[in-house]
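Participant: One structure, pasted below without further comment.
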Amino acid sequence: MGLIAGMVIGAAQWWAARPALTVWWMPATSIGLMVGAAVGTAITGAAHDSVSLVAYGVSTGVSVGAAQAMTVGARVIPPWTLSMALSWAAAWVITSAVIVDIDRGYVVFGMSGALIATAFCGVVFVRTLVPASREGVAQS
C-alpha cells in the first residue's frame, strides 16, 4: 500500500512543484513511503495509540523526506528530512483526533493532518528545496 500511496502523493507533488523537481521525485516518494511504512509498522506493531502514531509518522517522514531530498541534493537532506519527520508525526496526531476509525490501518494521515503537514513543509520546501534545485540546474 505504501508503494502505491507514495506514487500518487509523489506524482501530485511533482506536478504541483515542477520544474523545481525532477521526475525522480515520484519513485523516491513511493519507495520512501513503502520503506517508512514497513519500518513504522514493525516498530509500533501496527498499534494506533498516540505514541505509536507519532513513531509511525516519524518513521515514514524520515524515510520519505530523505528519499525525496536525495533527488534535489545532499545539502537539503537534513532540513527536509527533519521537517518531514516532524510534520508527519504531527499530522498523525491531528488525524487521530479527527478520524473515528483510525484502527482501519491507514497508510497515510487524513486531510486534517495533511493540511498542517503541507503548510509546514511548504515553507521548508520554498526555503530549502527550490533554491537547491535551481543551484543544480545552474551547475548543469
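The values are calculated or read from the model by the stated rules, or taken from the named source; none is laboratory data. Please read all numbers here as calculations on a predicted model, not as lab measurements. Don't worry about glycine lacking a Cβ; one is built from the backbone with ideal geometry, like all the others, and counts go over all protein chains shown. In case anyone asks, the SASA skips ligands and DNA or RNA and just uses the protein heavy atoms, side chains included. Shrake-Rupley method; radii C 1.70, N 1.55, O 1.52, S 1.80 Å.
Participant: Residue check: is ASP49 acidic (Asp, Glu), open to solvent by 20 Å² or more (accessible area, probe 1.4 Å), touching a helix residue (DSSP H, G or I) at 6+ places or on another chain (Cβ under 9 Å) and over 23 Å from VAL126 (Cβ atoms)?
Facilitator: Criteria met by ASP49.
Participant: A follow-up question, please. Considering only residues that are in contact (Cβ under 8 Å) with a residue 60 or more places away in the chain and assigned to a helix (DSSP H, G or I), look in segment 1-24 and name the one that is nearest to the chain's Cα centre (by Cα).
Facilitator: The qualifying residue nearest to the chain's Cα centre (by Cα) is ILE9.
Participant: How many residues does segment 86-140 contain that are polar (S, T, N, Q) and either at pLDDT below 75 or within 14 Å of TYR56 (Cβ to Cβ) (or both)?
Facilitator: 6
Participant: Does segment 100-134 hold any residues that are of a type in the set (Val, Ile, Thr) and touching a residue at least 60 places away in the same chain (Cβ under 8 Å), and which are they?
Facilitator: Answer for segment 100-134, where residues must be of a type in the set (Val, Ile, Thr) and touching a residue at least 60 places away in the same chain (Cβ under 8 Å): VAL107, VAL108, VAL130.
Participant: Consider ALA119 carefully, then state whether it is more than 21 Å from ALA38 (Cα to Cα), assigned to a helix (DSSP H, G or I) and more than 13 Å from the chain's Cα centre (by Cα).
Facilitator: no
Participant: Does ALA38 count as surrounded by fewer than 17 Cβ atoms within 10 Å (Cβ to Cβ), modelled with pLDDT of 90 or more and closer than 23 Å to ILE4 by Cβ?
Facilitator: yes
Participant: Hey, another quick one. Only one residue in VAL8, VAL62, VAL76 is out of contact with any Pro (no Cβ under 8 Å at 6 or more places or on another chain), of a type outside the set (Ser, Thr, Tyr) and either farther than 16 Å from CYS121 by Cα or loosely packed, with under 15 Cβ neighbours inside 10 Å (or both), so which one is that?
Facilitator: Going through VAL8, VAL62, VAL76 in turn, just one is out of contact with any Pro (no Cβ under 8 Å at 6 or more places or on another chain), of a type outside the set (Ser, Thr, Tyr) and either farther than 16 Å from CYS121 by Cα or loosely packed, with under 15 Cβ neighbours inside 10 Å (or both): VAL8.
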